[in-house]
1. Sort through Glu256, Glu204 and tell me the only one that's on the phi > 0 side of the Ramachandran plot and either under 18 Å from the mean Cα position of the chain (by Cα) or buried (at least 23 other Cβ atoms within 10 Å of the Cβ) (or both).
2. Among (1) over 16 Å from the mean Cα position of the chain (by Cα); (2) under 28 Å from Asn346 (Cβ atoms); (3) buried (at least 22 other Cβ atoms within 10 Å of the Cβ); (4) of a type in the set (Gly, Ala, Ser), which single condition is Gly74 missing?
3. Looking at (1) of a type outside the set (S, T, N, Q); (2) modelled with pLDDT under 95; (3) surrounded by fewer than 24 Cβ atoms within 10 Å (Cβ to Cβ), which one does Gly80 not meet, given that it meets all the others?
4. Which of the residues that make up region 19-48 are more than 14 Å from Val70 (Cα to Cα), over 21 Å from the mean Cα position of the chain (by Cα) and not β-branched (Val, Ile, Thr)?
5. On the given criteria, is Arg271 over 22 Å from the mean Cα position of the chain (by Cα) and within 23 Å of Gly344 (Cα to Cα)?
6. Can you give me the number of residues within region 378-415 that are touching a residue at least 24 places away in the same chain (Cβ under 8 Å), more than 11 Å from Val347 (Cβ to Cβ) and not in a loop (DSSP other than H, G, I, E, B)?
7. Taking Ala45 as meeting all but one of (1) buried (at least 19 other Cβ atoms within 10 Å of the Cβ); (2) touching a residue at least 60 places away in the same chain (Cβ under 8 Å); (3) touching a strand residue (DSSP E or B) at 6+ places or on another chain (Cβ under 7 Å), write down the number of the exception.
8. Take Thr303 and decide whether it is in a helix (DSSP H, G or I), assigned by TED's automatic domain parsing to the domain that holds Gln245 and either of a type in the set (A, V, I, L, M, F, W, C) or at pLDDT 95 or above (or both).
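The values are calculated or read from the model by the stated rules, or taken from the named source; none is laboratory data. Here the structure is a predicted model, which means the values were calculated and not measured. Quick reminder, even Gly has a Cβ in these numbers, built from the backbone with ideal geometry, and neighbours come from all protein chains shown.
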Amino acid sequence: MVHDNATVIGALARVVGDANVATAREELEPWLVDCRGRFHGAARAIVRPASTDEVASLVRICAAARVPIVAQGGNTSMCGGATPDASGHAIVLSLSRLRAIRAVDVPNATMTVEAGVTLHDAQRAAEDAGLYFPLSLASEGTCTIGGNLSTNAGGTAVLRYGNARELVLGIEAVLADGRVFHGLRGLRKNNTGYDLKQLFIGSEGTLAIVTAAVLKLFPAPRTRVTALAALATLDDAVALLRAMQRAVGDRLTGFELLSHAALDVSRRHGRGLPDPLPGHPWYALLQVDDSSADVPLRDMVETALARAAEQAIVADATIAQSQEQAHRLWALRENVSEAQRREGPNVKHDISLPISAIPAFCRDTAAALDAAFPGIRLFVFGHLGDGNLHYNVAAPPGADARAFLGRTPAINRIVHDRVVAQGGSISAEHGIGQLKRDELAHYADPLDLELMRRIKSALDPDGILNPGKVV
């Protein structure tokens, strides 16, 4: 067994080469802080393997020396899930060199990609084959497939296509003892026992290190309509969702909710963003797609919106007349998170609720927060079509934002108590990481926690994979 740092680093370097092991402080820094700047850790080294075999060799070395491993893709985790702790005992295992598109099987409508492939590059590879990979996130130019699967990423197309776990047919992963789970099967039906890949999807690197996956592909959209609707209430937003689903069926790919405050901050910090429907409390951004070029999709959307206006569900609406206009409408939505960062610190919540419960939840929670923290600002946006809200709370104008962040536990309790009371989840698509570990322990059923810990113990008995995360 090897334990001293120099021996461990030397063994790792023999696997990947000296050029792919970094130990100097200035080299380590970019890998040690999360994308929101909230968590800052330490590490023995950053190690960059180039293949699954190299990952397996590195894990075996670390397992023998009891060295913790934090796998990292694009470092876009919103919950500190890819940031090591401050002890400095861990290595960060960067998967950025595992970036091969191993195969695109057009007749089977699948694609096998490595974990370090960015989501954008996976989308382009599918497009080059005349197909479509529907996972879509604001960070798609940076986030990687390995990270997407490890967090069970959601995004803007969940309404039609589901979360990341529903887009995966097979997984290749390295276990905590260095053995490789060979599950890269492109099968839509496979009933041979437990579906083991689902253990690894969403486990945030605590059960295994995902190195490759077989992804589902779909017919490419040939007709696309984007519209923005102005709404007076959240009840109207839910009613419009139902109306659009009746009108266009599963062609409704995205149904995004934006509060006036969220839209306003996006425009304030976004260069040249449009303001097509000013002055309304709520907005819905709709995306409707079809793989046929012959479907009168625009007419269908126009008719549905006109009917909703006649029923006083929609106050006003606009339909993009070009791809450029559609892009600008989507930029309003995609810029919200960055705009909030520029606006100043806020307490973020990534929650999901039954869609029917969202209006009452928002009314009740806003009243409770304002009573406890007079003048607070709420930035509410997210994927109404699948019940996922980003419910963010900022300090009153002129208040000390950093001091306000010190009230995070009290704010979380107000928000999360009401989420759970409505049968919702405190984490919809961002995972648990280290940010919500205590919240999970507070709200989860004790049996759920026990089962998760038993699974963790069975697959990683020494606790070397991403310690301090999830459970």
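1. Values: Glu256 fails: on the phi > 0 side of the Ramachandran plot.
Just one listed residue meets the conditions, Glu204.
2. (1)
3. Looking at each condition in turn, Gly80 falls short on (3).
4. Ala19, Asn20, Ala22, Ala24, Arg25, Glu26, Glu27, Glu29 - these are the residues of region 19-48 that are more than 14 Å from Val70 (Cα to Cα), over 21 Å from the mean Cα position of the chain (by Cα) and not β-branched (Val, Ile, Thr).
5. Numbers: over 22 Å from the mean Cα position of the chain (by Cα): yes; within 23 Å of Gly344 (Cα to Cα): yes.
So Arg271 fits the description; yes.
6. Applying the first criterion (touching a residue at least 24 places away in the same chain (Cβ under 8 Å)) to region 378-415 yields 378-395, 399, 401-402, 404-405, 407-408, 410-412, 414-415.
Among the residues that remain, those that are also more than 11 Å from Val347 (Cβ to Cβ) are: 380-390, 399, 402.
Now narrow it down to the ones that are not in a loop (DSSP other than H, G, I, E, B): 380-386, 388-390, 402.
Residues flagged as touching a residue at least 24 places away in the same chain (Cβ under 8 Å), more than 11 Å from Val347 (Cβ to Cβ) and not in a loop (DSSP other than H, G, I, E, B) within region 378-415 amount to 11.
7. (2) is the only condition that Ala45 fails.
8. Details: in a helix (DSSP H, G or I): yes; assigned by TED's automatic domain parsing to the domain that holds Gln245: yes; either of a type in the set (A, V, I, L, M, F, W, C) or at pLDDT 95 or above (or both): yes.
Yes, satisfied.
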